[in-house]
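Student: Got a structure here, written out as structure tokens. Questions coming.
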Amino acid sequence: MATAAPEPVVSAVVPLLTRELVLRALRQIDRAGATLPPSTVYELVYRSRRYPPRAVAEWAHRLATGDAAARWPHPAGTPTNAVLEALDFTISTKRPVLAPGHANDAAESADGLYLGGPEPATPTPAAEPAAPYAPAGPPPVPAEPYTKAEALAELLMAEDELDAALAGLARRRNLLLQGPPGTGKTFLARRLAWLLLGARDESRLELVQFHPSYGYEDFVLGFRPDDRGQFRLVPGVLPLLCQRAAADPTRPYVLLIDELNRGQVARIFGELLGLLEADKRGPAHALRLPYAPPEAPRFFVPENLFVVATLNLADRSLSPLDYALRRRFAVVELRPQFGAPLRALLAAHGVPGALAERLTARLTALNQTISDDPGLGPDFVLGHSYFVPPPGPLAAPAAWLRLVIDQEIGPLLADYWRDEPATAAAQLRKLRGLSG
């Protein structure tokens, strides 16, 4: 009578498998283009991709042990699936693939939409014999810390104004920076994000710019063609960032929306408008997305996600911002800063003190003229960022200033007073006479 083959000897002490180890394994599998032995019955579903559960568990086990030849001590099926499901991974039975464009494709793409971890870089390769274990790469470089002192050195605003902006962001979790052109809204938005994160950490920050063609499908969820010409349900910027934030709940994440009012805001946000409110965050307020298949989990905005948006008040092509959206934001009004801080900045770059004095005085007078004009008003005044010098000392301050006036301010004034060219020319002559 034949005897059964002996079971492999496994150490009595098995390192604990964690969710982070499994996520690292998935990232390495995708980066390495590793092919894994197929599972006959079950699949681990993660971010629209499917993996053989035991092969993933063994890869993560090797990370835990530091041994590239370590064997996963549990058999395939229920013993391995139970470990992975306890770490909040989805294990499903294999199912047939329908023809392109069928509902099954949409459901597959939506699977795992709200699980944590960075998006895998490449599709899972076809199943072949197992690839060798790929060791972990070098650890990521820590983000450079960012302090309030650094922010105040870069921003032309007082400390109490900066504190108020940060307090509004902390209170409402959504902050709107609005003001005329050139008041440094985008520049300030990024620094506020860095202060909230405590570092120049771009991995926890996402920037998107709205525009007239930007839609719900780009921001939230929609069907897009893939590299094979098939349409699949693909998450947009917001759900992907929410995934990362939900998987890392102890640290803040920030979404920067530049030019908020250039897009059709109500259409872009859709039913997610309510989820932005500070007291509507978390799973208890989750909603079902219109395009999501019935089995997909409901969507929510995690509590550690903050939104900072900018709004240009002078864009006449746009309608006022939706009041339902505006009331969900704390609002900070930015105005031109043609005072002592700008003069000190110009002096640090080699601009003579007398020239800086004349510049700020004439720009203050020009802004008063713009504010008093019934066809323009205070939303159209010129901001200080036009006159913030590039890094390093200026070789020829007067020549630099003349170029700014001729190439940036002059065309803007001509557009402001398109029907009154004499007014635009007179104001431009006053600025050009600064060196005199």
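The values are calculated or read from the model by the stated rules, or taken from the named source; none is laboratory data. Just so it is clear, the structure is predicted and the values come from calculations on it, not from any experiment. Quick reminder, even Gly has a Cβ in these numbers, built from the backbone with ideal geometry, and neighbours come from all protein chains shown. All accessible areas refer to the heavy atoms of the entire protein, side chains included, with ligands and DNA or RNA removed. Shrake-Rupley method; radii C 1.70, N 1.55, O 1.52, S 1.80 Å.
Student: Solvent-accessible area of Phe187, probe 1.4 Å, all protein chains present, reported in Å² to the nearest ten, please.
Tutor: 90 Å²
Student: Please give the solvent-accessible surface of Asp67 in Å², to the nearest 10, using a probe radius of 1.4 Å with every protein chain present.
Tutor: Near enough 70 Å² of accessible area.
Student: Just to check, using Stokes-Einstein with a Kirkwood Rh over alpha carbon pairs, what's the diffusion coefficient of segment 289-436 at 25 °C and 0.890 mPa s in µm²/s?
Tutor: Roughly 133 µm²/s, to the nearest whole number.
Student: Find which of Pro235, Pro180, Val208 sits farthest along the positive direction of the dipole of segment 179-237, computed with +1 on the beta-carbon of Lys and Arg, -1 on that of Asp and Glu, about the Cα centre.
Tutor: The listed residue farthest towards the positive side: Pro180.
Student: At 1.4 Å probe size, put Ser213, Ser371 in order of accessible surface, largest to smallest.
Tutor: Correct descending sequence by accessible area is Ser213, Ser371.
Student: Test of the criteria: in segment 246-309, which GluC sites (Glu not before Pro) are in a DSSP loop and have at most 13 other Cβ atoms within 10 angstrom of their Cβ?
Tutor: Sites meeting the loop and neighbour criteria: Glu295.
Student: First obtain the Kirkwood hydrodynamic radius of segment 164-270 from its Cα pairs, then insert it into the Stokes-Einstein equation at 20 °C and 1.002 mPa s, and state the resulting D in µm² per second as a whole number.
Tutor: 140 µm²/s
Student: For Ala284 and Glu159, what is the calculated FRET efficiency with R₀ set at 35 Å and r taken between the beta-carbons, to the nearest 0.05?
Tutor: The calculated FRET efficiency here is 0.40.
Student: Ok, one more. So what does Asp279 come to for accessible area, using a 1.4 Å probe and Å² rounded to 10?
Tutor: That residue has around 100 Å² of solvent-accessible surface.
Student: Compute the whole-percent fraction of alpha carbon pairs in segment 219-334 spaced more than 21 Å apart.
Tutor: When every Cα pair of segment 219-334 is considered, 44 percent fall beyond 21 Å.
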